[in-house]
Every structure is written in C-alpha cells, then in structure tokens.
Amino acid sequence: MADYCPMTSLPPVAAYKAGDVLVLIGELFGRGYANGLLEEATRLGMTVIGTTVGRRDSDGTLRPLTPEELAEAESVLGGKIINLPLEAGFDLETPDGAPSVADRLKKAKPDDWEQISFEPDFIEQARAAGQARFCANLRLVLAELEQLIPPSANLVLAHTMAGGIPRARFFMPLLNRVFKGSGDKYLASEPFWNSGIGQLCDASFNEVTADTFSHLIEASAPLRQRQEQAGARVAYTAYGYHGTGVLVKGGYHWQSYTPYLQGYAKIRLEDHAVAARTQGINATVFNCPEILPNSSALFLGVELSLYPLLTSLQQTAGNRAQPLDDRCAALLADDCSLDNLLQTAGSYLAAPLITEALAFDTWPQHSTREQMELMLATSAGLMAMHRDQKQLVCAELSRVVFRATGRLMLQASFSCTEPALWLNHDIIAALAAAPAGSDLLD
C-alpha cells in the first residue's frame with residue numbers, strides 16, 4: 001500500500017502538445033472518470049486512441065466489435081479504437097474444458113452462499129487462462145500502437161479498467177444485501193468476504209482492477225523504451241480509490257465509503273505503481289474522490305461524501321461557483337435548500353459511528369449493521385430532498401470531479417514522481433479557482 005500523499009498544489013503545466021498521444025486501456029462507457037482525461041487530452045490537441053473489451057456472442061465467444069459497434073464507439077470516443085478484445089477476468093474461462101465460474105453458479109441459490117466452494121486450484125487455473133488471453137491480446141494491441149504512434153510523441157497510457165464482479169445472476173441479490181441491506185436483509189461484509197464466494201470476488205477484482213495495470217506496464221516495455229530513446233516522455237496513469245479528504249466541521253479529513261470491498265484490489269493497484277517506480281518507470285495511481293457512479297443503484301451511500309465539495313467550491317472559488325450553486329439549488333424540492341442538504345450530509349460525515357470506524361492503516365473497513373443503516377437512511381433522506389430523483393445534485397458535482405481529476409491527472413502525469421496521489425476536495429476546489437480551471441464549473 002502506498003503512503004498517503006495528497007496533491008497539495010496544482011501541478012506545473014505539462015509539455016503535452018498536438019501530436020502527443022493518450023491511449024485509453026479500457027473501453028469508454030457512458031459518463032465517468034475517463035471522460036475527464038479524454039476532455040483534457042482533446043483540449044490540449046493530443047491524439048486519442050481507444051481500446052475495447054470486445055463483446056460476447058450468445059454462445060460465450062469473445063469477439064471484436066462489429067463494424068456498426070465500432071463506428072458507434074469511435075464516435076463516442078472521438079478517435080480511433082483498436083478493435084481487439086481486451087476483456088479482463090476469468091469468470092467465463094473453461095480451463096481444460098471444465099465448466100466456467102459463471103456456469104457453476106447458474107443453479108446456485110444466493111441463500112446458500114456460505115456452502116459454495118470450488119475444487120482446489122480451479123480458480124487459479126481459470127485465472128491463469130483469463131490472464132493468458134488478456135496478455136496475448138494486449139501484445140497485439142501494443143503492436144498496433146507501435147505502428148500508430150510516432151516515436152517522437154509524448155505518450156500517456158491510461159489504465160481505466162475496474163470492477164470484476166463475476167457474471168452470474170447469483171451475485172446480484174447477494175451483493176444487494178452486502179451493499180444496501182438493512183434489517184433482516186443486512187449481510188455483514190466480513191463473513192461474505194471471507195467465504196469461498198468472497199475469495200472468488202477478491203481474485204476477480206485483483207485480476208481486472210489491479211493486475212491489468214501490471215500487465216500493461218510489462219507488455220509495453222518495448223514501446224516505452226522506443227519513445228524514451230527518441231526523447232519522448234512516457235507516463236502511465238490509473239484510477240484508484242483509497243478514501244478522500246473532504247470538508248468536515250471546517251477542516252479537511254480523510255474518510256471513506258464502507259464497505260469498499262474493491263479496496264483490496266485498489267491497494268494492489270498502488271503496489272504495482274510502487275514496483276514500477278522502483279524501476280524508474282513513470283507510473284502513478286491517482287486516487288479520485290467518490291462520484292455518483294453508473295452502479296449507484298448498488299452502491300447507495302457512496303455519494304454522501306460528494307456533497308461537501310459544494311462547500312469547498314463556494315469557499316475557494318467564490319463567485320465562480322455561483323452558477324453551480326444555482327443549478328444545484330434548482331434541483332431541490334421547494335421546501336428544501338442547499339443549506340439543509342449540506343447540513344444533513346455534514347452531520348452524517350461527522351457522526352462518531354462513522355468517524356470512529358475509519359482508519360487509513362487498516363483500510364478498507366468492513367460494515368456494521370448500525371453504520372449501514374445510518375448511511376442508507378441518510379442517502380435516502382438526501383435523495384428525497386430533490387424534485388426528481390433522476391436529476392441529482394450529486395450528478396452536477398460528479399461532473400466537476402471527473403473533469404477536474406482528468407485535468408489534474410494529465411497535467412501531473414508529465415512530471416509526477418509519486419506512485420500514488422490523492423486528489424482530495426481541496427485540490428479540486430483550488431483548480432476550479434485558478435485560471436487553469438476557469439471553465440470547470442460552467
């Protein structure tokens with residue numbers, strides 16, 4: 001695990017220019033963190049090259065995108081996509097013809113989760129098969145990149161892969177209990193994580209979220225060496241999460257969503273960056289603030305620490321934050337105000353039940369019934385303050401986060417020396433207040 005190292009000052013202006021290249025390792029879906037990198041690279045005139053995870057046919061066969069799918073994906077990206085499937089993970093692998101993880105769980109019942117196990121070495125065999133497939137395709141992608149990228153171009157290889165929940169219907173009812181269960185439906189995260197099913201998730205999260213970064217760094221060594229020998233700069237970036245410093249009771253304090261079971265894989269991701277730095281490789285995991293994710297229906301409560309960003313922006317950016325304030329206020333019901341909203345979120349973040357359970361050195365923490373019930377009730381209460389629960393203040397703030405983090409990451413990547421940096425709310429507000437971030441709150 002990397003030492004806690006928040007970005008405390010804005011990075012120097014990077015020397016990226018037109019003709020330099022950003023490569024997204026991981027497909028761009030919807031609106032999220034990676035859009036911020038894409039926006040910043042486009043603003044700087046860089047060439048953007050994308051990749052795809054491919055698609056699965058009805059018989060489970062992994063394939064490239066069809067011409068229609070490719071055209072749509074390249075339209076969203078605004079650049080070329082190398083059409084070789086970079087799907088990571090092993091849940092659909094059939095080592096030596098054995099049924100896959102997904103097949104084995106088709107008839108499993110969520111209530112039987114404690115009894116489910118796999119024969120010795122099966123998970124490792126499936127993992128090895130998935131890794132071999134991913135690495136073989138990654139080498140093909142890199143061979144194409146060597147043809148597309150001028151040797152003199154500065155290069156950013158941006159790892160955007162995350163997740164790894166095995167693709168079996170069995171998991172959704174179970175994960176609903178772990179991440180948003182209360183009362184009789186509450187399932188503590190610790191016994192789940194220590195079970196055979198939990199350890200399957202651990203291995204899958206590690207493979208998709210973390211180890212793909214290591215594979216990228218290793219496989220791209222020839223490309224990296226070619227660029228550096230020509231005098232170009234090569235940087236590797238990855239999106240991490242390891243808690244965030246947010247404004248609580250007038251000061252910035254580190255806090256985290258709980259239970260963040262993917263956190264073990266995020267620590268492993270940091271470890272890969274630490275190892276790369278010892279070899280003189282410019283690799284950094286940027287630990288970004290919470291946003292309202294596409295998976296927000298599962299991870300209720302993750303958005304609670306996003307609300308104080310509005311106060312940070314008000315205090316630091318001043319009048320520049322007024323249009324954002326106005327947009328957010330317009331989303332609230334007639335009998336609610338931003339002050340009500342921020343006070344409720346602040347009370348939750350300052351509650352002893354929440355603060356006393358958190359410790360950076362032993363992160364990620366497991367859930368308790370009382371903590372989950374407070375988190376879920378607070379989340380529901382804040383959602384209820386809106387006119388329309390599909391039009392949320394957190395969506396406005398999330399947009400600020402992914403735009404700001406993308407700019408900070410790309411600018412910092414050129415000269416960064418740390419394996420991991422935390423992009424806390426104070427540095428996002430500082431960027432929004434600076435000339436370099438004058439458009440972020442538009």
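The values are calculated or read from the model by the stated rules, or taken from the named source; none is laboratory data. Quick caveat, the model's predicted, so the values are computed rather than measured. Don't worry about glycine lacking a Cβ; one is built from the backbone with ideal geometry, like all the others, and counts go over all protein chains shown.
Within region 418-442, which residues are without any contact (Cβ under 8 Å) to a residue 40 or more places away in the chain and either within 21 Å of the chain's Cα centre (by Cα) or farther than 22 Å from LEU247 by Cα (or both)? Listed by number, the residues that qualify are PRO435, ASP439.
Does ASP59 fit the bill of being of a type outside the set (A, V, I, L, M, F, W, C) and part of a helix (DSSP H, G or I)?
Spelling it out, it is not the case that ASP59 is of a type outside the set (A, V, I, L, M, F, W, C) and part of a helix (DSSP H, G or I).
LEU84 meets all of the listed conditions (1) assigned to a strand (DSSP E or B); (2) touching a strand residue (DSSP E or B) at 6+ places or on another chain (Cβ under 7 Å); (3) more than 26 Å from PHE299 (Cβ to Cβ) but one, namely (2). Looking at region 418-428, can you tell me whether even one residue there is in a loop (DSSP other than H, G, I, E, B) and in contact with an Asp or Glu (Cβ under 8 Å, 6 or more places away or on another chain)? Yes, some residue in region 418-428 is in a loop (DSSP other than H, G, I, E, B) and in contact with an Asp or Glu (Cβ under 8 Å, 6 or more places away or on another chain).
For region 198-207, state whether one or more residues are surrounded by fewer than 22 Cβ atoms within 10 Å (Cβ to Cβ), touching a Pro at 6+ places or on another chain (Cβ under 9 Å) and among the acidic types (Asp, Glu). Checked against the condition, which is being surrounded by fewer than 22 Cβ atoms within 10 Å (Cβ to Cβ), touching a Pro at 6+ places or on another chain (Cβ under 9 Å) and among the acidic types (Asp, Glu), region 198-207 yields no hits at all.
Just name the residue that is nearest to LEU140 (Cα to Cα) out of those in region 1-27 that are among the hydrophobic types (A, V, I, L, M, F, W, C) and crowded, with 22+ Cβ neighbours inside 10 Å. My answer is ILE25. Against the numbered list (1) closer than 20 Å to ALA136 by Cβ; (2) of a type outside the set (A, V, I, L, M); (3) in contact (Cβ under 8 Å) with a residue 12 or more places away in the chain, PHE118 comes up short only at (1). For first residues located in region 313-337 and modelled with pLDDT of 95 or more, partners that are among the acidic types (Asp, Glu) and lie 6+ apart or on another chain with Cβ distances below 7 Å form the pairs GLN314/ASP325; LEU324/GLU396; ARG327/GLU396; CYS328/GLU396. Reported count of residues in region 371-383, each being surrounded by fewer than 17 Cβ atoms within 10 Å (Cβ to Cβ) and either of a type in the set (Phe, Trp, Tyr) or within 18 Å of TYR260 (Cβ to Cβ) (or both), is 1. In region 217-233, of all residues being within 21 Å of PHE286 (Cβ to Cβ) and touching a helix residue (DSSP H, G or I) at 6+ places or on another chain (Cβ under 7 Å), the one that is surrounded by the most Cβ atoms within 10 Å (Cβ to Cβ) corresponds to SER220. Step by step: first the residues of region 1-42, then only those that are farther than 26 Å from LEU86 by Cβ and charged (D, E, K, R), then the one that is modelled with the lowest pLDDT. Which residue is that? The selected residue is ASP3. Scanning region 384-395 for residues that are surrounded by 20 or more Cβ atoms within 10 Å (Cβ to Cβ) and either more than 23 Å from the chain's Cα centre (by Cα) or among the aliphatic types (A, V, I, L, M) (or both) gives LEU392, VAL393. If you go through region 252-287 and pick out every residue that is outside any strand (DSSP E or B) and either in contact (Cβ under 8 Å) with a residue 24 or more places away in the chain or on the phi > 0 side of the Ramachandran plot (or both), you end up with 25. Scanning region 176-196 finds one or more residues that are touching a Lys or Arg at 6+ places or on another chain (Cβ under 7 Å), assigned to a loop (DSSP other than H, G, I, E, B) and not hydroxyl-bearing (Ser, Thr, Tyr).
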